[in-house]
Every structure is written in C-alpha cells, then in structure tokens.
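Before any comments, here is the structure.
The values are calculated or read from the model by the stated rules, or taken from the named source; none is laboratory data. These figures come from a predicted structure and were not determined experimentally. Reconstructed Cβ throughout: ideal geometry from the backbone, glycine too, with neighbour counts over all protein chains shown. Just so you know, the surface numbers come from the protein's heavy atoms only, side chains and all, with ligands and any DNA or RNA stripped out. Shrake-Rupley method; radii C 1.70, N 1.55, O 1.52, S 1.80 Å.
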Amino acid sequence: TTSPQNFCIQQNANLRSITITGQNIKWYDALTNGTLLSDATPLQNKNTYYASQTVNGCESNRIPVAINIQNTNAPTGNSQQTFCISQNPTLNTIVITGTNIKWYDNLTSGNILPISTPLINGQTYYATQTLNGCESPTKLSVTVIQLLNRREIEIASKGSAL
C-alpha cells in the first residue's frame with residue numbers, strides 16, 4: 001500500500017476506502033496490541049492506521065498507513081461586486097482569489113456555469129475552488145450589481161419619459 005493516502009473531506013472515507021492489497025485485511029489503531037477496528041470506521045485526518053493480513057490462519061506484521069483528509073477552503077473575494085453594463089461582464093470578470101474556480105447558479109447544488117456566462121444585475125453566483133483534486137465544500141457567494149454609464153442613464157431616462 002502507499003502511505004500517506006489522501007482523501008477529500010466530502011468523501012466521508014472509512015477504512016474500506018483505503019487502497020491496500022492483501023487477504024483478510026484487519027485494521028488496528030496501534031502497531032502492536034491496540035484495538036481491532038471495523039471496516040466502517042471513519043478515517044480521521046493525520047491519523048495512522050495499521051493493517052495486517054491473515055493467510056492460512058497466520059496473521060502478518062502490521063504496516064502503517066497514514067491518512068490526510070483535505071478540507072479545501074472556498075475562494076475569497078468581495079461578496080458584492082459592481083460592473084458597468086457597457087463592459088458586457090461575464091463570470092470571468094468577477095474578481096476572486098482561488099485555484100481551479102468553478103461557478104454555480106445555486107448555493108447547495110445547482111449547475112456549473114461556463115466562465116463566459118453573462119452577468120445579470122442582482123443575480124448571486126457561487127464559486128468553489130479545487131486543490132489537489134478536492135473541491136471546496138463551501139462556496140463563495142457573489143452578488144452582482146450592474147450600473148449604467150452616464151450616457152446610458154441619459155438615454156434610459158429620456159426613453160422612460162417618452
């Protein structure tokens with residue numbers, strides 16, 4: 001087996017999730033003695049688990065397997081951002097800091113949006129970032145405000161007076 005093994009927090013990994021080769025694998029919480037653990041035992045970040053195999057009734061020495069569980073933070077940025085309509089802003093225009101950003105149309109589930117998606121005034125968009133293959137479980141919410149430039153305001157006000 002390889003050690004350490006890495007998991008994303010969303011995986012809710014347990015001892016069955018560890019990649020290991022052998023027969024009749026048993027998991028323990030210590031290199032010697034210790035407690036025999038159930039395969040359903042949830043993995044804990046920075047813990048080491050110890051595996052043995054049993055072949056023909058003989059149990060092997062235990063090998064350590066270190067575990068890393070990554071909890072990726074949401075990207076950072078201002079939760080309200082303002083753009084001029086004349087800029088034809090898109091999701092790519094929103095200023096946030098993060099790696100491998102994904103945009104969604106909903107906080108809890110929703111659809112992934114292409115970065116070329118035009119921004120809509122008053123709309124809230126939700127961003128995650130992905131590090132080492134693990135997407136952030138929380139999302140940054142960004143509400144967009146679009147402003148008309150002075151010339152557009154004059155034209156709009158004349159149009160509404162008609």
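The table below lists the values:
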quantity	calculated
The chain: angle of helix 150-161 to the longest principal axis, Cα-based, in degrees nearest 10	60
Structure-based [θ]222 nm, the chain - -39500 (n - 2.57) summed over DSSP H runs of at least 4, per residue, nearest 500	-2500 deg cm²/dmol
Amide H partners (placed H, <5 Å) of T72, local residues excluded	I9
Within the range 85-104: backbone nitrogen closer than 20 Å to the Q123 label point (7 Å, Cα to C-beta)	85-97, 101-104
Solvent-accessible ranking of R62, R16, largest area first, probe 1.4 Å	R16, R62
Lys, Arg +1 and Asp, Glu -1 on Cβ, resulting dipole of the range 1-132 about Cα centre, debye, nearest 20	100
Residues of the range 1-37 with amide N under 20 Å of a point placed 7 Å along Cα→Cβ from N132	1-20
GNM result for the chain, Cα springs below 10 Å: residue of S136, S17, S86 fluctuating most strongly	S86
Heavy-atom accessible surface of the chain: percent carbon and sulfur, 1.4 Å	49
Backbone HN-Hα couplings from phi across the range 121-133 [Karplus 6.51/-1.76/1.60, Hz, Gly and Pro as x]	4, x, 7, 9, 10, 10, 10, 10, 10, 10, 10, 6, x
Listed residues N33, N56, N78, most fluctuating in the chain (Gaussian network, C-alpha, under 10 Å)	N56
Selection from I67, N78, F7 lying farthest towards where the dipole of the chain points positive, charges on Cβ	N78
Separation of the N111 and T2 label points, Cα + 7 Å toward Cβ, nm	3.6
With DNA, RNA and ligands ignored, accessible area of T82 (1.4 Å probe; Å², nearest 10)	80
Relative contact order of the chain, pairs being alpha-carbon contacts under 8 Å that are 6 or more residues apart, as %	21
